[in-house]
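Where a number appears in this text, it was derived from the coordinates with a stated rule and is not lab data. Quick caveat, the model's predicted, so the values are computed rather than measured. Cβ placement follows ideal geometry from the backbone for every residue including glycine, while neighbour counts extend to all protein chains displayed.
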Amino acid sequence: MSAQLAAVAPAFTEMANDMVYATLATVDRRGRPRSRMVHALWEWDGTSLTGWVGSVVTPVKRAHLAGNPYVSCNYWDGVERYDTCVAECRAELLLDERSRREGWERFASAPPPLGYDPATIPMWEDGPDSPAWGVLRLEPWRLRVFPGAYARSGGKAGEILTWQAPED
């Protein structure tokens, strides 16, 4: 783990988990982006950062991730603070029984607003065995945290934080 990740990941996790909803973009086979709103939950354990999304399993999402497993997850609080943060990630759609149950429990047991009962969504009313339920695991390769206070103060308050994984 880099010292830079240790400085950026907690700030990203706090900001993203406070906002809850993000725009997640995938890319189709022609390189065109497609965005959708997601309810994401981020976990920082002191050494690694992982994002989780309870996901509707669609043929489009499957095809996009099969062709290009990278996504952009963008948050923006445009109401009061104007904070923004972005996670550029490698995404994996987890569809095995264990991952689906663990993902379901992760969201069902987390405190609100991150936690929610996935069964309240009609297409998932059958629980983690619902064919429409899947879990996206997000492993960031780049993070950016941009506090609105920084922009509002002309760069005198707050700090823009960025981390990028070393090239493979």
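Label 7 Å along Cα→Cβ of Ala157; region 77-95 residues with amide nitrogen under 20 Å?
Within reach of a label on Ala157: 77-85.
What do you get for the angle between helix 97-109 and the principal long axis of the chain? Use alpha-carbon atoms, 0 to 90 degrees, nearest ten.
So the inclination is approximately 50 degrees.
Show that you can apply the helix-only estimate: for the chain, add -39,500 (n - 2.57) for every DSSP H stretch of four or more residues, divide by all residues, and state [θ] at 222 nm to the nearest 500.
Working: 4 runs with 44 residues, N = 168.
The helix contribution divided over the chain gives -8000 deg cm²/dmol.
For region 148-161, just list the computed ³J(HN,Hα) in residue order, Karplus coefficients 6.51, -1.76 and 1.60, θ = phi - 60°, integers in Hz, with x standing in for Gly and Pro.
These are the phi-based 3J(HN,Hα) values: x, 4, 4, 5, 5, 9, x, x, 9, 10, x, 7, 7, 10 Hz.
For Trp141, project a label point 7 Å along Cα to C-beta. Then give me every residue of region 45-74 with its amide nitrogen under 17 Å of that point.
So the set is 49-51, 64-74.
Positive end of the charge dipole of region 3-164 (Lys, Arg +1 and Asp, Glu -1 on Cβ, about the Cα centre): tell me which of Leu41, Met15, Trp76 has its Cα farthest that way.
Sorting the options by dipole projection puts first Trp76.
Between Ser99 and Ala25, what is the label-point separation in nm under the 7 Å Cα-to-beta-carbon projection?
2.5 nm
Assign one of three labels to region 10-109, namely rounded, prolate or oblate, based on the Cα gyration tensor with a ≥ b ≥ c the square roots of its eigenvalues; rounded applies when a/c is under 1.5, prolate when it is not and a/b is larger than b/c, and oblate otherwise.
Details: a/c = 1.83, a/b = 1.18, b/c = 1.55.
Oblate.
Which longest run of the chain has no exposed loop site in it, a site being trypsin sites (Lys or Arg not before Pro) in a DSSP loop with at most 10 other beta carbons within 10 Å, and the site itself not part of the run? Can you show the working numbers first?
Working: sites that count: Arg29, Arg30, Lys156.
Longest site-free region, per DSSP loop and neighbour criteria: 31-155.
Please give the FRET efficiency for Ser48 paired with Asp77, using the beta carbon to beta carbon distance and R0 = 25 Å, rounded to the nearest 0.05.
On the way: r = 25 Å, r/R0 = 1.01.
It comes to 0.50.
Using R₀ = 45 Å, calculate the FRET efficiency as 1/(1 + (r/R₀)^6) where r is the Cβ-Cβ separation of Ala3 and Arg62; round to 0.05. Don't jump to the answer; show the numbers that get you there.
Values: r = 38 Å, r/R0 = 0.84.
For Ala3 and Arg62, the calculated efficiency is 0.75.
Report the far tail of the P(r) of region 5-67, meaning the percent of Cα-Cα pairs longer than 15 Å.
Cα-Cα pairs in region 5-67 separated by more than 15 Å: 58 percent.
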